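Asker: Just passing along the structure, written as structure tokens.
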Amino acid sequence: MRKLIVAGLAGAAAIAAIALGAQAQDNPKLEQLKEQGFARIAIANEPPFTAVAADGKVSGAAPDVARVIFERLGVPEVVASISEYGAMIPGLQARRHDAVTAGLFMRPERCAAVAYSEPVLCDAEAFLVKAGNPKGLNTFADIAAHADATIGAPGGGTEERLALEAGVPRDRVVVVPDGQSGLRMVQDGRIDVYSLPVLSISDLVRLANDDSLEMIAPVSDAPVYCDGAAFRKGDEALRDAFDVELAKLKESGEFAQIIEPYGFSAAAAMSTSREQLCAQE
């Protein structure tokens, strides 16, 4: 009888080992991340989506969500590097990052290039202008129609694309490396408009505490967007595991507890899907 029990335990252990081995084969990227103990994430240092403190600590809504999910997947740390939006997908494809957790909004061409998770953060577009909006620039079309209006936007970002698609000439669309630079350029009169999502412009205005500035939001000729964690094509198994934990966070209410203090709406992220967003022109 004892031999049968031992044999049964040995058999169960063998089955478990086979199952674990199959799981590792099914998701080799996750196993790699578990073994190295961290995931490399690309961020943009654009509060409240992402932020890096003076001591190097990474925060912001997107990294905070990613950190919790990776921990639950057995990856205890995230290591962040700052990247321009236009460099994030090439960096992911070149294996410099394991994931992108920033305000990299879903669009069909991006969905074709990376494997997005389900939606994480949703937002609309805003303009930062001088108080009183002296040139009356309320939409991207207004900027295009004004003979000498200039707009600053992140290189390779959504706002740059929206300006160009609205007909703003290339020489009047200024690539701006970060939020503080955009703020100073508006203050100094070097650009008329700086465009980022509502939450990012709100944060800049709050921190600047400058009565000479005004926010225009939402920009009526720009759609509402949602981002998701972006993974390399071929790492869909890792993306799917991320989605499972993300769904659990949303269902439990923990998702709202993480993102809503930053000003994001959990309900907005839960009201749509990757499929819908990737089909949205």
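Asker: Could you say whether any residue in region 206-213 is within 17 Å of Ala131 (Cβ to Cβ) and buried (at least 16 other Cβ atoms within 10 Å of the Cβ)?
Answerer: yes
Asker: Working carefully through the options Glu165, Glu125, find the one that is at pLDDT below 95, acidic (Asp, Glu) and closer than 20 Å to Asp227 by Cβ.
Answerer: Step by step, each of Glu165, Glu125 is checked, and only Glu125 is at pLDDT below 95, acidic (Asp, Glu) and closer than 20 Å to Asp227 by Cβ.
Asker: Any idea how many residues of region 232-249 are closer than 17 Å to Glu71 by Cα and either of a type in the set (Val, Ile, Thr) or surrounded by 16 or more Cβ atoms within 10 Å (Cβ to Cβ) (or both)? Quick ask: steps written out before the conclusion?
Answerer: First, the residues of region 232-249 that are closer than 17 Å to Glu71 by Cα: 237-249.
Next, only the ones that are either of a type in the set (Val, Ile, Thr) or surrounded by 16 or more Cβ atoms within 10 Å (Cβ to Cβ) (or both) stay: 237-239, 241-246, 249.
Of the residues in that region, 10 qualify.
Asker: While we're looking at this one, here's another question. Just checking, which of Ala153, Ala126, Ala131 is over 20 Å from the mean Cα position of the chain (by Cα) and more than 30 Å from Val244 (Cα to Cα)?
Answerer: Ala131
Asker: From Ser265, Ser252, which residue is of a type in the set (Ser, Thr, Tyr) and under 17 Å from the mean Cα position of the chain (by Cα)?
Answerer: Going through Ser265, Ser252 in turn, just one is of a type in the set (Ser, Thr, Tyr) and under 17 Å from the mean Cα position of the chain (by Cα): Ser265.
Asker: Would you mind stating whether Arg67 is at pLDDT 95 or above and either crowded, with 20+ Cβ neighbours inside 10 Å or farther than 27 Å from Thr272 by Cα (or both)?
Answerer: yes
Asker: If you don't mind, another one. Looking at region 74-107 only, could you name the residues that are surrounded by fewer than 18 Cβ atoms within 10 Å (Cβ to Cβ) and under 18 Å from Glu35 (Cβ atoms)?
Answerer: Gly74, Pro76, Glu77, Val79, Arg95, listed by residue number.
Asker: Quickly run through region 250-269 and pick out the residues that are in contact (Cβ under 8 Å) with a residue 40 or more places away in the chain, surrounded by fewer than 21 Cβ atoms within 10 Å (Cβ to Cβ) and part of a helix (DSSP H, G or I).
Answerer: Within region 250-269, Glu254, Ile258, Tyr262, Ala268 meet the criteria.
Asker: Taking region 91-103, which residues are under 15 Å from the mean Cα position of the chain (by Cα) and at pLDDT 95 or above?
Answerer: Those that are under 15 Å from the mean Cα position of the chain (by Cα) and at pLDDT 95 or above: Gly91, Leu92, His97, Asp98, Ala99, Val100, Thr101.
Asker: So if I check each of Pro197, Pro223, Pro177, which one is within 29 Å of Asp98 (Cα to Cα), touching a Gly at 6+ places or on another chain (Cβ under 8 Å), surrounded by fewer than 19 Cβ atoms within 10 Å (Cβ to Cβ) and modelled with pLDDT under 95?
Answerer: Pro177
Asker: Considering only region 222-236, state which residues are within 21 Å of Gln93 (Cα to Cα) and in contact with a Pro (Cβ under 8 Å, 6 or more places away or on another chain).
Answerer: So in region 222-236, the residues within 21 Å of Gln93 (Cα to Cα) come out as 227-236.
Hits for region 222-236 are Asp227, Gly228.
Asker: Condition test on Ser117, is it hydroxyl-bearing (Ser, Thr, Tyr), in the same structural domain as Ala267 (by TED's automatic domain parsing) and closer than 22 Å to Asp240 by Cβ?
Answerer: Yes; evaluated as a whole, the condition is true for this residue.
Asker: Could you give me the residue pairs with C-beta distances under 6 Å whose first residue belongs to region 61-81 and is assigned by TED's automatic domain parsing to the domain that holds Ala266, whose second residue is among the acidic types (Asp, Glu) and modelled with pLDDT of 95 or more wherever it lies, and which are 6+ apart or on separate chains?
Answerer: Every condition considered, the pairs that remain are Ile69/Glu245; Arg72/Glu245.
Asker: Here's something else I'd like to know. Would you list the strands (runs of 3 or more DSSP E) that sit entirely within region 104-189 and hold 3 or more residues that are in contact (Cβ under 8 Å) with a residue 60 or more places away in the chain?
Answerer: Per the criteria, 114-116, 125-130.
The values are calculated or read from the model by the stated rules, or taken from the named source; none is laboratory data. These numbers were taken from a predicted model, which means no experiment stands behind them. Neighbour counts run over all protein chains shown; Cβ positions are idealised from the backbone, glycine included.
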